Amino acid sequence: MILFMALLRLSFLKTFQYRGYVFINLMSTCIQVFVQISLWLALFTANPVVQETTFNDMINYLVLTGLLALTKMEGPGQLLSRRINYGSIATDLIRPYKLKSCLLSQSIGENLARFLLFVFPVYTVVLAIFGLQLPTSPLHTLVFFHAVLNGAIISFYYF
């Protein structure tokens, strides 16, 4: 478990390595959210309710899909192929830990860093401006998070 956390931490810190990458991705996320909100605003200005869907419903959908995009992790096949191409697979294979656990921890670390750098700041502002409509039942929330966790696991191991 200590090794898993150390690898997660290193992967997290690696994302902060290039300031230009961080700045460009943050601006890209802001522009993407702005364009999507502008598009939905233009569509819903002409007709405030489209088949029982309101503008606030679409903003909730926008925020939710932005957060759920983080659960799509790179699978071990993609990570291994990248390591083979870079030639670092030899050192990975002689290390005394399970390679798949190492890849999972690195993928989680990268997603956590992406969340804190790009998703959290942008979507916090969006939620502060437009608000969030929460599910009506705690059971729905629990089932949703269970499905998201299962989807992330499937995404890592099978894609």
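Quick note: the coordinates plus some simple rules give every number you see, no bench work behind them. For clarity, every value in this text was computed on a predicted model and none was experimentally measured. Reconstructed Cβ throughout: ideal geometry from the backbone, glycine too, with neighbour counts over all protein chains shown.
Show that you can apply the helix-only estimate: for the chain, add -39,500 (n - 2.57) for every DSSP H stretch of four or more residues, divide by all residues, and state [θ] at 222 nm to the nearest 500. Numbers along the way, then the final one.
Working: 8 runs with 121 residues, N = 159.
The per-residue figure over the chain is -25000 deg cm²/dmol.
Calculate the tail of P(r) for the chain: the fraction of all Cα-Cα distances greater than 22 Å, expressed in %. Can you show the working numbers first?
On the way: 6896 of 12561 pairs.
Here the long-distance tail beyond 22 Å is 55 percent of all Cα pairs in the chain.
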Relative to the longest principal axis of the chain, what angle (0 to 90°, nearest 10) does the C-alpha long axis of helix 120-130 take? 10 degrees
Nothing charged except the Cβ atoms of Lys and Arg (+1) and of Asp and Glu (-1): what's the magnitude of the dipole of the range 1-154 about its Cα centre? Round to the nearest 20 debye. 740 debye
Among Leu70, Phe145, Tyr157, the residue whose Cα sits farthest towards the positive end of the charge dipole of the range 2-158, when +1 is placed on the Cβ of each Lys and Arg and -1 on the Cβ of each Asp and Glu, is Tyr157
